[in-house]
1. Only one residue in ALA71, ALA104 is small (Gly, Ala, Ser) and in contact (Cβ under 8 Å) with a residue 24 or more places away in the chain, so which one is that?
2. Just to be sure before I move on: is GLY93 closer than 11 Å to MET65 by Cβ, assigned by TED's automatic domain parsing to the domain that holds PHE66 and assigned to a loop (DSSP other than H, G, I, E, B) in the structure I sent?
3. Run down GLY93, GLY128 and say which single residue is within 17 Å of the chain's Cα centre (by Cα) and modelled with pLDDT under 90.
4. With the requirement that a residue be within 21 Å of ASN132 (Cβ to Cβ) and in contact with a strand residue (DSSP E or B) (Cβ under 8 Å, 6 or more places away or on another chain), what does segment 92-117 give you?
5. I'm checking my understanding of the structure. Among residues of segment 141-155 that are surrounded by fewer than 19 Cβ atoms within 10 Å (Cβ to Cβ) and in a helix (DSSP H, G or I), which one is modelled with the lowest pLDDT?
6. Of everything in segment 61-77 that's over 9 Å from PRO120 (Cα atoms) and not in a loop (DSSP other than H, G, I, E, B), which residue is modelled with the lowest pLDDT?
7. Only residues in segment 114-127 that are within 19 Å of ARG79 (Cβ to Cβ) count as the first member; pair them with residues that are among the acidic types (Asp, Glu), Cβ under 6 angstrom, at least 6 apart or cross-chain, and list the lot.
8. Which of the residues that make up segment 106-140 are in a helix (DSSP H, G or I), charged (D, E, K, R) and within 20 Å of MET88 (Cβ to Cβ)?
Amino acid sequence: MNMKNTSAISNPLMIIVFLLIALIIILAIFRPASPFLNLGFGINAHIGDLKGSFEFEAFDNSEPMFVMYFAEWCGHCKRTKPEFKKLMDEYKGHVKIQMVDAEAPEHKDLVKSQNIKGFPTIRYYPSGLGENYQEYNGGRTYFDFSQYLNQVTGTLNKMPDNAAPVA
């Protein structure tokens with residue numbers, strides 16, 4: 001009976017696979033210690049305003065922020081999101097405004113650190129992400145959000161396009 005040696009060591013393809021795995025492990029271990037060895041194997045998950053640590057870049061500083069934590073299944077959130085998106089567009093460049101899908105896996109750590117329990121949760125952070133925040137409990141319209149932001153930040157009072165100014 002003619003039996004071939006089928007061990008993994010005698011197979012050249014398996015040897016290459018093992019060597020590549022060993023190289024990846026070595027690079028993963030020594031990359032943080034050596035900034036000069038950058039072969040492009042690292043993963044820097046940067047998606048819009050999200051970082052690999054799953055916290056917002058905007059929270060890395062002390063700038064004020066207005067944040068809405070929502071869940072896709074939440075009826076109140078579904079009604080509030082368009083108003084909040086309009087606020088984001090209108091106040092762009094004046095106030096940092098973000099919406100966070102609280103049930104997305106990439107936001108799990110952020111939501112836990114902020115102790116978010118109900119939806120929507122809307123907060124104003126006067127000095128970036130942290131324990132210092134004001135819970136927003138006002139109305140859920142663009143005008144209500146705008147009035148609140150004007151009160152807490154002193155930004156120009158923007159009015160909705162369809163609202164008539166009070167004479």
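The values are calculated or read from the model by the stated rules, or taken from the named source; none is laboratory data. If you're wondering where the values come from, they're calculated on a predicted model, not measured in any experiment. Here Cβ is always computed from backbone atoms with ideal geometry, including for glycine, and neighbour counts include all displayed protein chains.
1. On the way: ALA104 fails: in contact (Cβ under 8 Å) with a residue 24 or more places away in the chain.
The conditions single out ALA71.
2. Values: closer than 11 Å to MET65 by Cβ: no; assigned by TED's automatic domain parsing to the domain that holds PHE66: yes; assigned to a loop (DSSP other than H, G, I, E, B): yes.
In short, no.
3. Details: GLY93 fails: within 17 Å of the chain's Cα centre (by Cα).
Checking each option against the conditions leaves just GLY128.
4. Once the filter is applied, which keeps residues that are within 21 Å of ASN132 (Cβ to Cβ) and in contact with a strand residue (DSSP E or B) (Cβ under 8 Å, 6 or more places away or on another chain), segment 92-117 yields VAL95, LYS96, ILE97, GLN98, MET99, VAL100, ALA102, HIS107, LEU110, VAL111, GLN114, ILE116.
5. Step one: list which residues in segment 141-155 are surrounded by fewer than 19 Cβ atoms within 10 Å (Cβ to Cβ), which gives 141, 143-144, 147, 150-155.
Now narrow it down to the ones that are in a helix (DSSP H, G or I): 143-144, 147, 150-153.
Numbers: PHE143: 95, ASP144: 96, GLN147: 94, ASN150: 92, GLN151: 92, VAL152: 90, THR153: 85.
The extreme case among them is THR153.
6. Residues of segment 61-77 that are over 9 Å from PRO120 (Cα atoms), as a first pass: 61-67, 72-73, 75.
Now narrow it down to the ones that are not in a loop (DSSP other than H, G, I, E, B): 65-67, 75.
Working: MET65: 90, PHE66: 93, VAL67: 94, GLY75: 94.
Top of the filtered list is MET65.
7. ARG123/GLU135
8. Narrowing segment 106-140 to residues in a helix (DSSP H, G or I): 106-113.
From what is left, the residues that are charged (D, E, K, R) are 106, 108-109, 112.
The one that is in a helix (DSSP H, G or I), charged (D, E, K, R) and within 20 Å of MET88 (Cβ to Cβ): GLU106.
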